[in-house]
Amino acid sequence: MLDLLLHNATLADGRTGMGVAVQGGVITAVTAGLSPVNAPAHEVVDAEGQLLSAPFVDAHFHMDATLSYGLPRVNASGTLLEGIALWGELKPMLTQDALVERALAYCDWAVAKGLLAIRSHVDICDDRLLAVDALLEVKRRVAPYLDLQLVAFPQDGLLRAPTALNNLKRALAKGVDVVGGIPHFERTMADGAASVKRLCELAADQGKMVDMHCDESDDPMSRHVETLAYETHRLGLHGRVTGSHLTSMHSMDNYYVSKLLALMAEARLNVVANPLINITLQGRHDTYPKRRGMTRVPEQLAAGLTVAFGHDCVMDPWYSLGSGDMLEVAHMGLHVAQMTSQAAMRQCFEAVTTNPAQILGLTHFGIEAGREASFVLLQARDTVEAIRLRAQRLKVYRKGRLLAEGPALRSRLQIAGRPAEVSFQTTPHQR
C-alpha cells in the first residue's frame with residue numbers, strides 16, 4: 001500500500017486527470033487514471049482537477065535583513081543607496097538571536113506559501129560574520145522543511161571593504177555554498193571588473209557556483225555582466241554562474257545588447273530578475289518618462305538563457321512590503337515585462353518554479369517518478385490562473401509529509417436574487 005496517493009490533478013504542463021503515487025517520501029509514479037481503486041494508499045487526496053505544481057523556489061533573497069523594516073529607521077528616499085547605507089547603520093546593532101528569530105519567522109511564511117527552496121545572500125563584510133553564523137544555524141534548523149542555499153555576499157564591495165576577501169573565504173570555509181559579488185559598487189569600473197575576475201577564479205578553484213549582484217543600476221555603461229560572461233567562459237563555469245538584477249540592461253543601447261545576449265548565451269549564464277524590487281528601486285532619478293528598471297527578460301529567454309524571478313526583499317531597509325508569495329513576484333514580473341501571451345505567462349510561472357530550481361541545482365525537485373515528493377496543490381486550473389489569482393495553497397508537501405494546508409476560497413453571492421456558492425476560479429469553458 002502506498003503512503004500517499006494524490007489523484008485527479010492537473011499538472012503545470014497541462015495534463016489532466018493525473019495521479020501521483022508516493023512511497024517513502026519519493027514519487028513512484030505519475031500516471032493518468034491512478035485512483036484509490038487501482039492504487040490504494042494510507043492517505044488519499046482528490047485534487048478535484050486543481051493544479052499540482054512543483055514547489056516554489058526563490059533564487060534571490062536577503063534573509064539576514066528580512067523583517068527588519070524600521071530598524072533603526074525607515075528608508076525615507078526609497079532608494080537602493082539609502083537602503084545600503086541604512087543596512088550599514090543596522091549591522092553593528094544586530095544580534096545572532098534576533099537574526100535567527102526573524103529568519104525562522106520568514107521561513108514559516110515561506111513554507112505556508114509553498115516556497116520550499118531559497119537562495120539567500122548573506123553579508124560577509126561584518127568581521128564577526130554574525131549573519132553567516134546565524135543563517136548557517138537557520139539552514140540547519142529548517143532543513144527538514146526547506147532547502148536554504150547561502151551566498152557569500154560582500155555588500156560593501158570585495159575590493160572596497162578591506163577585509164571582504166578574507167571574510168568571504170572564511171564564510172565559504174564555514175559552509176556557505178555560493179560565491180557572490182557586487183562589482184557595480186566598487187570604487188571604479190576597473191575595480192568592478194577586477195572583482196568579477198577574482199571571484200570567478202575563487203569559485204573555479206573551490207568548485208563553487210557564482211551568483212553576483214551585477215549592474216543593479218540605471219547606468220547603461222555599467223557593463224560588468226559582459227565581464228561575468230567572459231570569465232564564465234574562460235574558466236569553464238558554464239551553467240554555474242548567475243547574474244542577478246542586471247537592471248542596467250534596461251537602459252543599454254540595443255545594438256550592444258544584441259552582442260551581449262550572444263555572449264551570455266555562449267557562457268550559459270543564468271539570470272535572476274527581481275520584479276518587485278527592481279520596479280521599486282530603479283528609475284528613481286528619472287522624471288518622466290520613468291524607466292521600469294527590470295532587465296530584458298523576454299529577450300533573455302528568447303536567447304536560450306535560464307531566467308528566474310526572485311523576491312529579493314521582504315520588510316527590510318530596501319522594501320517595506322512582501323509576504324513570501326512567489327506568485328506575487330510572478331504577477332509583477334508578468335506586468336513589468338509585458339509578458340501577456342499565454343506562452344509568456346506560463347514562462348512567468350516557470351520563473352518561480354522549475355527555472356530557479358535549475359539555477360540552484362535542485363535536481364530532486366519536479367513532479368516525476370524518482371524525485372522527492374515535494375509539491376503544492378493550488379486552487380487554480382492552470383498556471384496562468386494561478387498567477388492571476390495568486391492562488392490559495394490548498395496543501396504543501398515536503399518528501400511526502402504534509403507541511404501546510406488551507407481551505408478553498410469561496411464566497412456566498414446573491415446572483416439574480418438566488419444565493420450561489422462561487423469559487424474564485426474559472427472553469428475551462430469560461431476562459
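Every number in this text was worked out from the coordinates using simple rules, so none of it is lab data. Computed from a predicted model, the values in this text were never measured in an experiment. Here Cβ is always computed from backbone atoms with ideal geometry, including for glycine, and neighbour counts include all displayed protein chains.
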_Cα-based helix-to-principal-axis angle, 80-90 vs the chain, degrees rounded to 10_ = 90 degrees
_Cα-based Kirkwood hydrodynamic radius, region 56-360, one decimal, Å_ = 18.9 Å
*Cα axis of helix 254-266 to longest principal axis of the chain: angle in degrees, 0 to 90, nearest 10?*
70 degrees
*Return the long-range amide H neighbours of Glu48 (sequence gap of 5 or more, or a different chain), with a cut-off of under 5 Å between placed amide H atoms.*
none
*Based solely on its DSSP helices, what 222 nm [θ] is calculated for the chain when runs of n ≥ 4 H residues each add -39,500 (n - 2.57) and the sum is averaged over all residues, nearest 500 deg cm²/dmol?*
-10000 deg cm²/dmol
_Just to check I understand the Karplus step: with θ = phi - 60° and J = 6.51 cos²θ - 1.76 cosθ + 1.60, what whole-Hz values come out for region 38-44, glycine and proline as x?_
9, 8, x, 8, 5, 10, 10
*Given +1 on the Cβ of Lys and Arg, -1 on the Cβ of Asp and Glu, and no further charges, what dipole in debye does region 43-140 carry about its Cα centre, rounded to the nearest 20?*
220 debye
*asked:* Order these by the 10 Å Cβ neighbour count, fewest first: Glu372, Glu89, Glu201.
replied: Glu89, Glu201, Glu372
*So which of Lys139/Lys208; Lys139/Lys197; Lys91/Lys169; Lys139/Lys395; Lys174/Lys197 end up more than 27 Å apart by C-alpha?*
Lys139/Lys197
*For region 202-360, what's the radius of gyration and Dmax over Cα atoms, in angstrom?*
15.1, 47
*Compute the separation of the alpha-carbon centres of region 251-285 and region 341-392 and state it in Å as a whole number.*
23 Å
_Need the list of lysines near Lys290 for cross-linking: C-alpha distance under 26 angstrom, and skip anything on the same chain fewer than eight residues off._
Lys259
*Residues with amide H under 5 Å of Asp147's amide H, sequence separation 5 or more or different chain, H placed in the peptide plane at 1.01 Å from N; which?*
Ala117, Ile118
_Distant-in-sequence amide H partners of Gly180 (H built 1.01 Å from N, under 5 Å)_ = Ala152, Asp211
*Mind pulling up the Rg/Rh value for region 1-157? Radius of gyration and Kirkwood radius, both on Cα.*
1.15
*Karplus 3J(HN,Hα) series, Hz, for region 180-197 with 6.51 cos²θ - 1.76 cosθ + 1.60 (x for Gly, Pro)*: x, x, 8, x, 6, 9, 6, 5, 9, 4, 5, 5, x, 5, 5, 5, 4, 4
*For helix 164-174, report the angle its Cα long axis makes with the longest principal axis of the Cα atoms of the chain; keep it between 0 and 90° and round to the nearest 10°.*
40 degrees
*Before anything else, pin down the relative contact order of region 56-360: Cα pairs under 8 Å, at least 6 apart, normalised by residue count, whole percent.*
21 percent
_Order these by the 10 Å Cβ neighbour count, fewest first: Tyr288, Tyr106._
Tyr288, Tyr106
*Choose one of Ser251, Gln358, Ala161: the residue whose Cα lies farthest towards the positive end of the charge dipole of region 56-360 (beta-carbon charges +1 Lys, Arg; -1 Asp, Glu; about the Cα centre).*
Gln358
*For His62, His233, what ranking results if the residue with the fewest other Cβ atoms within 10 Å of its Cβ goes first?*
His233, His62
